[in-house]
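To start, the structure under review is shown below, and the notes come after it.
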Amino acid sequence: MTSEENGRAAVREHGGPAGDGPLGGLAGGPTGDGPVSGGAAGAGPTGATGGEATTVLSPRLLRPDDALPAPLDGDRSGAPHAWLLRVSEHTAAAGAHEYLLDAEERSRAAAFLREADRDRYRVAHVALRRLLGACLDSDPAGLRLVREDCPGCGGPHGRPAVAGAPLHFSLSHAADLVLIAVAGVPVGADVEREPAPSVAAEIAARLHERERVEMAALPERDRPAAFTRCWSRKEAYLKGIGIGLAEDPSVTYVGAGATPGRPPGWVLRDVAVPSGYAAACALRDGTGSPAASADAGR
């Protein structure tokens, strides 16, 4: 289990069965392979040079037979491109494309005890390689995935990256959903399944003080959704920085309300996903260094 997967375990282990929540509830754009568009009519994606996180990102829903994106080597906008897919729709296709995975990925997939976990891992990583291969106009099987140095301790467990590639990416999965984001600047993405109210209340005690106040002001029935929204923002931001949950969840404020917080140097945006889930994307915007951002919002 990766540090990313370990970091989600506190919420994920209580997540319930996969497959509920129709994609018809997705507040997104048309199915396809293009970039993310804003959730509001006429609202484009926020780039890497500033701009407030005022719109919801609408990922492209990727189905097994959909065309893959055109190469992004000429895209210098810094805007994120994001795709959402259903594990249950891609299981068979991922099995047929397992040859794209490297030896380590195949070994890790085989190590899962539950078939559902193996399928989720295989679908996520096959989709990641296919999308990255298309974006980089490269053979998906030939991509060498590495870890950058951790900005906190310098160890080799920071952001995942494609060796020698100009693009950044982030991968997340929860229950039946996989979210993949690609950008020309550091990016973090996270999708979470809403946990039981008792679990949300227990973990919410670990959040930033302002986030706990925001949740306490809500009716009890609304708190699990607010917690899930907050947690997805927090993980997206920490994955974007490259330190994951090595930082205590109480340190950086990302917000539990309708509008995400704004850690210096980063833009946080919620991502449109089906009911019962929450997702977010964090994009470095150039107004602060990664090191400074790691100390921000405290």
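Worth pointing out:
- If you go through the stretch 69-94 and keep only what is over 19 Å from the mean Cα position of the chain (by Cα) and at pLDDT below 95, you end up with 70, 71, 72, 73, 74, 75, 76, 77.
- Of 275, 250, 232, all but one fail to be surrounded by fewer than 22 Cβ atoms within 10 Å (Cβ to Cβ), touching a residue at least 40 places away in the same chain (Cβ under 8 Å) and under 25 Å from residue 117 (Cα atoms); the exception is 275.
- Residue in the stretch 219-234 that is over 30 Å from residue 70 (Cβ atoms) and part of a loop (DSSP other than H, G, I, E, B) present: yes
- Candidate set: the stretch 194-211, residues that are touching a Lys or Arg at 6+ places or on another chain (Cβ under 9 Å) and in a helix (DSSP H, G or I); chosen: the one farthest from residue 174 (Cα to Cα): 211
- Residues of the stretch 103-124 that turn out to be over 15 Å from residue 174 (Cβ atoms) and either of a type in the set (Ser, Thr, Tyr) or part of a helix (DSSP H, G or I) (or both), as a count: 12
- Meets criteria (modelled with pLDDT under 95 and closer than 16 Å to residue 235 by Cα) for residue 152: yes
- Residue match in the stretch 102-120 (condition: of a type outside the set (S, T, N, Q), within 26 Å of residue 269 (Cα to Cα) and crowded, with 24+ Cβ neighbours inside 10 Å): yes
- Number of the exception - residue 138 against (1) without any contact (Cβ under 8 Å) to a residue 40 or more places away in the chain; (2) surrounded by fewer than 18 Cβ atoms within 10 Å (Cβ to Cβ); (3) within 23 Å of residue 231 (Cβ to Cβ); (4) not charged (D, E, K, R): (3)
- When the criteria are applied in full, residue 149 meets the requirement of being surrounded by fewer than 14 Cβ atoms within 10 Å (Cβ to Cβ) and not basic (Lys, Arg).
- Odd one out for residue 43, checked against (1) hydrophobic (A, V, I, L, M, F, W, C); (2) more than 17 Å from the chain's Cα centre (by Cα); (3) modelled with pLDDT under 50; (4) not in a loop (DSSP other than H, G, I, E, B): (4)
The values are calculated or read from the model by the stated rules, or taken from the named source; none is laboratory data. Predicted, not measured: the structure shown is a model, and the values here were computed from it. Counting neighbours? That spans all protein chains shown, and the Cβs are built from the backbone with ideal geometry, glycine included.
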